[in-house]
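Student: Structure in structure tokens, see below.
Every number here is computed from the coordinates shown, using simple stated rules; none is lab data. Just so it is clear, the structure is predicted and the values come from calculations on it, not from any experiment. Positions of Cβ are generated from backbone atoms using ideal geometry, with glycine treated the same way; all protein chains shown enter the neighbour counts.
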Amino acid sequence: MAGGSLVGADGIAAVGAPPAAAGSPAMAGGPRPESSGHTAADAPARPAECVRRVVDGAPAARRRKVLVLAALTVLVAASFLFSLTLGRYDMDFGQVLALVAAPFSGAADASAADANVFLTIRLPRVLAALVVGAALSGAGCAFQGIFKNPMVSPDLLGASAGACFGAALGILLSFGSVGVEAAAFVAGVAAVLVSYGLSSVIGRRMGGVLVLVLSGLVVGNLFQAFTSAVKFLADPNSQLPEITFWLMGGLSSVREGDLVGLLAAFAVGTVGIMVLRWRLNVMALGDEEALSLGVNVKRTRLAVISCATLLTSASVAVAGMVGWVGLIVPHLARFLVGSDHRALVPASMLLGGAFLMLVDDVCRSVYTTEIPLSILTAILGAPLFVYLVCRQRRTL
């Protein structure tokens, strides 16, 4: 469209010259009135200011986003405390609060058994569920923004497939729990590096994003084949069951030592995406428009992919394969706060953390043995995704 403002459904606009008013000399084809000079109000706004003004929206919309983020924060806190009370070893809210406050107050009212269960098993597990859910949701939101496609998930470029291969190989070679997590993380990052390098080599004369996506699909399937080969070579009595259960995802084996690497990767990846999230709004206009507004598209895409890969690989290394979280949660957050990534990214991470904590509560409470995370996330995610797609189709 030449001239005027092109405003999308997600609140992002490509702003051009303002249209002539009906009945004006310019519209009627007559001579334009002469002006002795231009005032500051007549001067066209800079493109970046126009985009920022349209994305910001009305004050009421901004207040609504702040209220939604505050409500999600309360939801995360409530889910965290509630999750700490659930488990085979019963604890009420009073015990949980006393154990949480004990390091700060110096009180020693709780028994040694309560403190041992809480500090070595329950607290690391719930904290890992919070961080993994937030990491996968934030990575999915970033990928959907950078590729301008709501069907994108964090494993698009092969990070999850690579991490699964690394973990399976670590189990086959008897690396131990720390070695398995390290191998999974390294292999996940390596898979994305291979995808990006492959797209850089073969995509110079084609669309960069399309070739990157296709390279990710190829590399992902290749690492899935490697994982199948490792399962074929594994001992069917010991190693193969361990690999199978690891691939189904779960947090039952998480201890406090596993949180160090996870929290470090989460901090780095989250800070990077939060810093770059406003650029996702500009890149949603398209590469040419983003370049005209001063955004280095190639560097921004590489930085976002790096941060999202860090979050995904660290999450899969600790929790195994946990599907649907990075695909579904950003859609739910988009219904709450819209498509402005400045609010969408934190909303997705808060909602994803609460979602996975509650799913893990069901997994460890509904049956005598724990249900793998990927089973329940798929059962909940598939119909919810169909509903969201149908609802979005009705609004078009």
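Student: Using only Cα atoms, what Kirkwood radius does the range 66-206 have, in angstroms? Show your work: numbers first, answer last.
Tutor: Values: mean 1/r = 0.0538 Å⁻¹.
After inverting the pairwise mean of 1/r, the radius is 18.6 Å.
Student: At a Förster radius of 25 Å, what calculated FRET efficiency corresponds to the Cβ-Cβ distance of Leu384 and Met248, to the nearest 0.05? Provide the component values of the computation, followed by the final result.
Tutor: Values: r = 20 Å, r/R0 = 0.80.
According to the calculation, E is roughly 0.80.
Student: Could you calculate the FRET efficiency of Leu217 with Leu67 from 1/(1 + (r/R0)^6), where r is the beta carbon distance between them and R0 is 51 Å, rounded to 0.05?
Tutor: On the way: r = 40 Å, r/R0 = 0.78.
The formula returns an efficiency of 0.80 here.
Student: Going Cα to Cα from Lys148, which lysines come in below 25 Å? Please leave out same-chain ones fewer than 8 positions away.
Tutor: Hits, sequence-local ones excluded: Lys65, Lys298.
Student: Further question on the same structure: Under the 0.36 nm per residue contour assumption, what length would be gained going from the current alpha-carbon distance of Ala267 and Ala229 to full extension?
Tutor: 10.3 nm
Student: Also, I was wondering about something else. What's the center-to-center distance, using Cα atoms, between the range 153-230 and the range 268-328 in Å?
Tutor: Distance between centres, Cα-based: 17 Å.
Student: A further question on this structure: Between Val186 and Glu288, what FRET efficiency comes out of the Förster formula 1/(1 + (r/R0)^6) with R0 = 45 Å and r the beta carbon distance, rounded to 0.05?
Tutor: Computed FRET efficiency for Glu288 and Val186: 0.75.
Student: Also: Using each residue's phi in the range 134-146, evaluate 6.51 cos²θ - 1.76 cosθ + 1.60 at θ = phi - 60° and report the 3J(HN,Hα) Karplus result to the nearest Hz, with x for Gly and Pro.
Tutor: After applying 6.51 cos²θ - 1.76 cosθ + 1.60, I find 5, 5, 5, 5, x, 5, x, 5, 5, 5, 5, x, 6 Hz.
Student: Would you mind checking the radius of gyration and Dmax of the range 140-282 based on alpha-carbon positions, in Å?
Tutor: My reading of the Cα-based Rg and Dmax gives 16.8, 54 Å.
Student: Then there is this: Using the count of nearby Cβ atoms within 10 Å as a rough guide to exposure, how do Tyr196, Tyr89 rank from fewest to most?
Tutor: Numbers: Tyr196 22, Tyr89 12.
With the fewest neighbours first, Tyr196, Tyr89 line up as Tyr89, Tyr196.
Student: Take the range 263-312, compute every pairwise Cα distance, and split them into 10 Å bins from 0; I just need the percent in each bin.
Tutor: Per 10 Å bin, starting at 0, the Cα pair percentages come out as 28, 49, 20, 3.
Student: While we're on this one: Using 14 Å as the cut-off for backbone N distance, which residues of the range 277-297 belong to the label zone defined by a point 7 Å from the Cα of Lys148 along Cα→Cβ?
Tutor: Hits in the range 277-297 for Lys148 at 14 Å: 280-293, 297.
Student: Please identify the trypsin sites (Lys or Arg not before Pro) of the range 225-328 that satisfy two criteria: DSSP loop assignment and at most 13 other Cβ atoms within 10 Å. Which are they? Please report the intermediate quantities before stating the final value.
Tutor: Values: sites: Lys231, Arg255, Arg277, Arg279, Lys298, Arg299, Arg301; in loops: Arg255.
Loop-located and lightly packed - Arg255.
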